[in-house]
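Okay, structure first, notes after.
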Amino acid sequence: MWRTSVATVMLFALMSLTQAQDARKSGFDFMRPATQALQMDDTQNPGMLWVKDGQMTWAQKDGAANKSCTDCHGDINRMRGVAARYPQYSLVAKRVINLGQQINQCRTTQQQAKVWPTEHPTFLGLEAAITMESRGQPVTPPSQPLLADAQKRGETLFNQRIGQVDLSCRDCHDSLAGKRLGGNTIPQAHPTGYPIYRLEWQSVGSLQRRLRGCMTAVRAEPYPYGSTELVDLEAYLAMRAAGMRLESPGVRP
Amino acid sequence: MTRALVTVPKTAKRGEIIEIRAVVQHPMETGYRRSSEGDLLPRDLIRKFSCRFVESGNANDTGAMVFAATLHAAIAANPYLSFNLRAASSGTLVFNWEGDNGFSHREQVAMTVA
């Protein structure tokens, strides 16, 4: 009896401890209920239009090798948990790459097709369809020494003040998260829903598009798509959000 | 390529009121916006949406109008429509979107009423 009650007390202590420790919140928690409902319901979520396209592309043969994703990977549901591990170090590219770059790497090496252009709707759809297979899975960056270097570089970029407005990512997303910037609530910048359907864009967009948007907003020159700096930032954000659950395709205001 | 998501319950009881949902991918460009170069973006809207019901075993029939809507410039991109109907008999629901620049998209979903 005594033992059980001690165990119960310890369990409650542990629960409150984990709750107290994790003050992290997804951007989802900062949204209005109507926008949350749009994300929660797959029959309403406009991101599902892109996902549907991506699921079709998964089975489509392409390139000089006339291969589809299915030919190597099998059914798309075997991609469960894959998106949660990106960005990661690639032995082929010999650098840290994100999921989109992995898709393009498969295209050039396996399908012998042309890479998808930046922010191409079908490309985003494929990325969204693969990420959706990991929905509910925790973000789990692998432990790789070269990835750790990228995360460190990303952290430096996150804390570095940039642009004419002279703000770092940290200034808003760590210090002022939950407060308002104009009409919007500042989220904590956890990339759990990407690629997201953003109401402002009225389309699906990548995390890099979002990062570049923030850089333009503080009047800095954004890093180009696919640059090491943006991937490093992505790697740091994934580490920062490690353990949080993926919710793609996310909807954001 | 145009994509649409249509949600119809596969089976329904006779007389049951069911909810139909339809999302279609479309920019719904108002014709009032300008590009980053300052050019006016040409108007590109979906003008009409309709849903017709074709009873099974009646393939040549154009069916009965169940729901229709006229869309305008103030409607957001990728318009979402939801409506209810009373399930009377088995058949096919035919969804049709029409708009500017010859835009046309058709989806059909079979439904069994027991």
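The values are calculated or read from the model by the stated rules, or taken from the named source; none is laboratory data. Predicted model, so just to flag it, every value in this text is computed and none were measured. Every residue, glycine among them, receives a Cβ derived from its backbone with ideal geometry; neighbour counts consider all protein chains shown. Heads up: the accessible areas ignore ligands, DNA and RNA and are worked out on the full protein's heavy atoms, side chains in. Shrake-Rupley method; radii C 1.70, N 1.55, O 1.52, S 1.80 Å.
Which numbered condition trips up residue B:26, out of (1) outside any loop (DSSP other than H, G, I, E, B); (2) within 14 Å of chain A (Cβ to nearest Cβ)? Going through the list (1) outside any loop (DSSP other than H, G, I, E, B); (2) within 14 Å of chain A (Cβ to nearest Cβ), residue B:26 breaks only (1). Of all residues in segment A:50-62, those satisfying the criterion of being touching a residue at least 60 places away in the same chain (Cβ under 8 Å) and either touching a strand residue (DSSP E or B) at 6+ places or on another chain (Cβ under 7 Å) or within 17 Å of residue A:202 (Cα to Cα) (or both) are A:50, A:51, A:52, A:53. Restricted to helices (runs of 4 or more DSSP H) entirely inside segment A:65-145, those with at least 2 residues that are closer than 25 Å to residue A:212 by Cβ are A:99-106, A:121-132.
Taking first residues from segment B:2-19 that are free of Cβ contacts under 8 Å to residues at least 24 places away in the same chain and partners that are assigned to a loop (DSSP other than H, G, I, E, B) and open to solvent by less than 50 Å² (accessible area, probe 1.4 Å), the Cβ contacts under 9 Å between residues at least 6 apart in sequence or on separate chains come to B:3/B:25; B:5/A:43; B:5/A:44; B:5/A:45; B:5/A:46; B:5/B:25; B:7/A:43; B:7/A:44.
Of the residues B:107, B:98, the single one that is touching a strand residue (DSSP E or B) at 6+ places or on another chain (Cβ under 7 Å), closer than 28 Å to residue B:27 by Cα, in a strand (DSSP E or B) and open to solvent by 70 Å² or more (accessible area, probe 1.4 Å) is B:98. Filtering segment B:30-54 down to residues that are open to solvent by less than 30 Å² (accessible area, probe 1.4 Å) and not in a loop (DSSP other than H, G, I, E, B), which residue is farthest from residue B:65 (Cα to Cα)? Among residues in segment B:30-54 that are open to solvent by less than 30 Å² (accessible area, probe 1.4 Å) and not in a loop (DSSP other than H, G, I, E, B), the one farthest from residue B:65 (Cα to Cα) is B:46.
Residue A:60 - would you say it is within 12 Å of chain B (Cβ to nearest Cβ) and surrounded by 15 or more Cβ atoms within 10 Å (Cβ to Cβ)? It is false that residue A:60 is within 12 Å of chain B (Cβ to nearest Cβ) and surrounded by 15 or more Cβ atoms within 10 Å (Cβ to Cβ).
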